[in-house]
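The values are calculated or read from the model by the stated rules, or taken from the named source; none is laboratory data. This one's a predicted model, so the numbers in the text were calculated from it and none came from an experiment. Here the Cβ is made from the backbone with ideal geometry for all residues, glycine too, and neighbour counts use every protein chain on show.
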Amino acid sequence: MKDSKIIWIKAKIRLSAVAILFAMLLGYSAQNNRSETVLEPTFYELSYHIDVKKELLSGSATITIKNNSEKSITEIPFLLYKLFEVTGVELSDVSIDYKQEVKPFDDWNKFRANAITIKLPNALDQKQSISIRVYYKGTLKGYEEAGLHYLKDNINPSFIILRPDCLTYPIIGAPNISSLRHINTQKFNYRVSIDVPKELHVVCGGKLVKQNTENESKLFLYESHEPDWRIDITIAKYKIYTSKGVTTYAFDEDLEKAKLVHKAMEDCMDLLTSWWGDVVIKDNFKLIQIPEGYGSQAGLNYILQTSAAFDDKRQLKEVYHEISHLWDVKNIEKFPSRWNEGLAMYSQFKVAEVLDKDIVEEDINKILVSLYDDTIVKEVAFKDYGYKNVTVYSYKVGLLFFWGLNELLGNDEFNALMKAFRVQYSNTGATAEDFIAYVKKNTLKSNIGQFIQDWYYTTDCCLNLNQYKTITDIVNKYKI
Ligand SMILES: [Zn+2]
């Protein structure tokens, strides 16, 4: 267990900007398939007051929960940050019973959380929803003692970050890793209101709908654009720079360097538009600076980037990855395979190759080699990653799939197919199967069918993966 954690943490740092803690949980979840249904949050309303001098957060979370399990529920388990104390729980403005205890996870004793159990006055039947308000307060001191060194989160005037990795809002689950295994497939809308000292600026992945200054404090109100699986909030004395669909929030001393990253983001948007057509941007994409060592992460339409990334061109790939998601066709699979992550991995390397003249094949070949001894890729085909709950493989195998497909089709045909596919499915959304069928129907290249058979429908691609040293070796096998 311990070793697998380390492997996943390293893999995610290299590969993408998804939350490292949750990436680790997903790695664990690779052992589980998806037969079990769960309680799912459909809406969060967070209302916080931050007292910087006292290093204190206080407020409430109102969570709408749907019972997707196969039985009626009388108790709801939540996890909250270990130094946050629950001071009350309400249902329709009436107090209800709860208990709380700070305890280690059953299967990870270095990780402690406040385990809360809320007792419902009446059973919540299948498919029914309920809204519960949880009041809490406390301070933040990160999770470095659990080995999660990027979680240095605390409350101080220079920088504050509130993110689910630190359980800063109540997350449905019991104190063990397996109870959190569905976390990245649960999508909810949210509203966040926070008041802070007036010299600070609150940034959140959602859309800023209100900003009010009153005496010495400033209130920010954000709302999600569309359902997401996480809420990230940062607070600092940000310098804000906006142009061409991108807003950058940088620390004063790094603003000039941040503008260079900002320019790279604009160039990436222009390039992807030239390849795959226009994209509707509901709100500016946000580049949000966080201090060194806090771990770059990303959500829908934003990226939290550490200062080091501003100096290191290679790290622009993470930014390209996130921007490319703006071109995603909505995934309507019942068990999402997250095939768009494979496409985003492809995009980050392809954009870096074009814009930065990066030699990317070396990195792609390392990813290929990292799969040599992996048993899951030999047992589960790409088409089943969603159903088998191993969507973390959509990043690596998906990258090889899309890179190979591009090489076999050629840039022009690949981009033309992507563009036409987006036009056809932009209103309805699509499944990976729709994409595969579209490519097969609209290309005249006869070798594509076998490639798709080996790389999407079956595990034939991965049974003897170590016969390939490079991605070029793979592509050559299918070249006629
Ligand atoms: Zn992604």
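Observations on the structure shown:
- Considered as a group, the residues in region 297-341 that are away from the ligand (no atom under 15 Å from the Cβ) and of a type in the set (Gly, Ala, Ser) include one that is surrounded by the most Cβ atoms within 10 Å (Cβ to Cβ), and that residue is 309.
- Selection count, region 267-280, where residues are part of a loop (DSSP other than H, G, I, E, B) and either among the aliphatic types (A, V, I, L, M) or within 30 Å of residue 160 (Cβ to Cβ) (or both): 2
- So residue 365, is it in the same structural domain as residue 271 (by TED's automatic domain parsing), assigned to a helix (DSSP H, G or I), touching a helix residue (DSSP H, G or I) at 6+ places or on another chain (Cβ under 8 Å) and not charged (D, E, K, R): yes
- Segments classed as strands (runs of 3 or more DSSP E), wholly inside region 70-156, with at least 3 members that are in the same structural domain as residue 57 (by TED's automatic domain parsing) and hydroxyl-bearing (Ser, Thr, Tyr): 129-138
- Near pairs, Cβ below 8 angstrom, 6+ apart or cross-chain, from region 441-468 (on the phi < 0 side of the Ramachandran plot) to any residue that is of a type in the set (S, T, N, Q) and surrounded by fewer than 20 Cβ atoms within 10 Å (Cβ to Cβ): 460/453
- Number of the exception - residue 224 against (1) of a type outside the set (D, E, K, R); (2) buried (at least 22 other Cβ atoms within 10 Å of the Cβ); (3) in contact with a helix residue (DSSP H, G or I) (Cβ under 8 Å, 6 or more places away or on another chain): (3)
- Residue that is in the same structural domain as residue 327 (by TED's automatic domain parsing) and over 21 Å from residue 226 (Cβ atoms), where the choices are 270, 278: 270
- Hey, residue 396 of a type outside the set (Asp, Glu) and within 14 Å of the ligand (Cβ to nearest atom) or not: yes
- Pick from region 360-386, criterion away from the ligand (no atom under 16 Å from the Cβ) and of a type in the set (Gly, Ala, Ser), ranking: surrounded by the most Cβ atoms within 10 Å (Cβ to Cβ): 381
- Residue 65, sole failed condition from (1) in contact with a Leu (Cβ under 7 Å, 6 or more places away or on another chain); (2) surrounded by fewer than 17 Cβ atoms within 10 Å (Cβ to Cβ); (3) at pLDDT 95 or above: (2)
- Hey, residue 357 in a helix (DSSP H, G or I), within 30 Å of residue 258 (Cβ to Cβ) and more than 16 Å from the ligand (Cβ to nearest atom) or not: no
- Lone qualifier among 283, 254 - being of a type outside the set (Ser, Thr, Tyr), under 17 Å from residue 325 (Cα atoms) and either more than 16 Å from the ligand (Cβ to nearest atom) or not in a loop (DSSP other than H, G, I, E, B) (or both): 283
- For beta carbons closer than 7 Å, sequence separation of 6+ or different chains, a first residue in region 327-356 that is at pLDDT 90 or above and a second that is more than 13 Å from the ligand (Cβ to nearest atom) and assigned to a loop (DSSP other than H, G, I, E, B), the qualifying pairs are 327/279; 329/426; 329/429; 349/360; 352/358; 352/360; 353/360.
- Against the list (1) within 14 Å of the ligand (Cβ to nearest atom); (2) crowded, with 19+ Cβ neighbours inside 10 Å, the condition residue 276 fails is (1).
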